[in-house]
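Heads up: the structure comes next, in structure tokens.
The values are calculated or read from the model by the stated rules, or taken from the named source; none is laboratory data. Only a predicted model underlies this, so the values are computations on that prediction, with no experimental measurement involved. A quick note on method: Cβ atoms are made from the backbone with ideal geometry, for glycine too, and the neighbour counts reach across all protein chains shown. Please note that ligands, DNA and RNA were not included when accessible areas were found on the heavy atoms of the full protein model with its side chains. Shrake-Rupley method; radii C 1.70, N 1.55, O 1.52, S 1.80 Å.
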Amino acid sequence: MFKRLMSFMPGNGKKKIPTYIRKVIPRDQHTVSRSFISDPAKKVLNRLNTAGFEAYLVGGGVRDILLGERPKDFDIATDATPEEVHELFRNSRLIGRRFRIVHVLFGREVIEVTTFRGNATAPDEDQNDDDRKTSEHGLLLRDNVYGNMEEDALRRDFTVNALYYCIRDFSVIDFADGIRDLDNRQLRLIGDPETRYREDPVRMLRAVRFAAKLDFDIEPETEAPMTRLAPLLSHIPSARLFEEVLKLFSAGYGEASWDHLNRYELLEPLFPDTARALAAGEPDTVIRQALQNTDRRLQQGKSVTPYFLYAAMLWPALQVEWRRRQDEGEPAQPALHQAIAKIIGRQVQATAIPKRFSGPMKEIWELQTRLPRRQGKRALVTLDHPRFRAAYDFLLVREAAGEIEPGLGQWWTEFQEMDERGREKMLSELSSSDAPRKRRRSRKPVSKD
Ligand code: ATP
Ligand code: MG
């Protein structure tokens, strides 16, 4: 039952070589209950097995069930090729260029089926191999070599993500001491951490995300190179980083993810302008408040939108740029528009922001200057704006963060609830002086002469 596996670590002549032992944990010695596995996932596993292929539940699906949580999705690993899987399921799609995988679709549920991959060789050894390429930084550029199950396990990121559940005999197969790390609530990269981060720097963001979500520690050797290697994230395509940022902040553990990102200095490659603004003393209170709200909303089963999150993440950077322009004499409104264009223009180089999100994000920001100006018809016009609701929520976040005096948010809350007469009354009670002032840093003293 036990099989010794050679370590695959490249360049590990100097480093200690972990030896992994394959362990099989029978059904009566683990807590994976089939009731936590969705019917579609069971269907895919069974059909692959019946067709004569090996197929296992793997990754977050097994990890989360072992932790007593209901997984958010299911990943399956198999020895069937993507084409064979595709043939077996009419409701499937072949996707991906870098990794060819199959999505089997059941209504809104997507089961991701991946063919065992073999990365278990040193990059130096397969320099000429067309299917597996690394860049000068050690980044894996292509990774489409099929392998056996052991190899598949060892090319995965963390030991707790390399557990396989077999639906034929209900056993859990553990290749890299994932169960031990799960018990100790530790995230440990398989193999040599530096090599694994160089192959794919996004693993640093995954470490942060899982540490936040699972409330796990990052094991010291896995943690040690993170800050030093953080700049490697700038080699990752901006669209992939955008996706990772959303996963970090919209999984319900945004505030914890934020703390971890800062701890390992991973903010700089993701949000360079924000990192700079915070380093220069701009507070992160709006970001933190927005993340707390987001986490709360997600717990309540409500949705969150990427443009709201991004509006908050870039807020400190926008403040610095807007202020700088006003200090140079630009009037407030044009300065705001210029600052917005500049901040977005720079941000998309780090993490892409699809147009369908950058547009509404701009509107949230612009509306912040319109919300205090309510006289005459203004309040009604603002209320009709398609982005009013998001801008109002953003205003509440700024108030809760102590960035502006409380009051305006409450006014808008009441104004929305009033009938026409009530609104008229509220507007008539407004005097030109009651627009809330900024509490912090009032800019430029008014000239006395
Ligand atoms: P969750 O779905 O809860 O976010 P997960 O662990 O299932 O967590 P996925 O992104 O769905 O994460 O990936 C599925 C599995 O694929 C992971 O558990 C891991 O084994 C492997 N994997 C994903 N991304 C990487 C990566 N960048 N490097 C190595 N292995 C990875
Ligand atoms: Mg998953």
Just one of the numbered conditions (1) in contact (Cβ under 8 Å) with a residue 40 or more places away in the chain; (2) out of contact with any Lys or Arg (no Cβ under 8 Å at 6 or more places or on another chain); (3) not aliphatic (A, V, I, L, M) is not true of Pro193; which one? (1)
Residue identified as open to solvent by less than 10 Å² (accessible area, probe 1.4 Å) and away from ligand 2 (no atom under 16 Å from the Cβ) among Asp174, Asp192: Asp174
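Yes/no matrix, rows are residues, columns are (1) more than 24 Å from the chain's Cα centre (by Cα); (2) of a type in the set (A, V, I, L, M, F, W, C):
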residue	(1), (2)
Asn161	no, no
Arg168	yes, no
Ile173	yes, yes
Asp181	no, no
Thr195	no, no
In segment 308-320, the residues that are surrounded by fewer than 22 Cβ atoms within 10 Å (Cβ to Cβ) and not aliphatic (A, V, I, L, M): Gln319
Just checking, which of Leu241, Leu187, Leu267, Leu246 is crowded, with 20+ Cβ neighbours inside 10 Å, within 16 Å of ligand 2 (Cβ to nearest atom) and either closer than 30 Å to Gln300 by Cα or not small (Gly, Ala, Ser) (or both)? Leu187
Filter pass, Phe89 being at pLDDT 90 or above, over 24 Å from Glu151 (Cβ atoms) and open to solvent by 50 Å² or more (accessible area, probe 1.4 Å): no
Residues that are under 24 Å from Phe242 (Cβ atoms) and within 14 Å of ligand 1 (Cβ to nearest atom): which helices (runs of 4 or more DSSP H) entirely in segment 137-217 hold 2 or more of them? 193-199, 202-214
Members of segment 55-85 that are of a type in the set (A, V, I, L, M, F, W, C), near ligand 1 (Cβ under 10 Å from one of its atoms) and either outside the structural domain of Asp183 (by TED's automatic domain parsing) or farther than 14 Å from Lys42 by Cβ (or both): Val58, Ala77
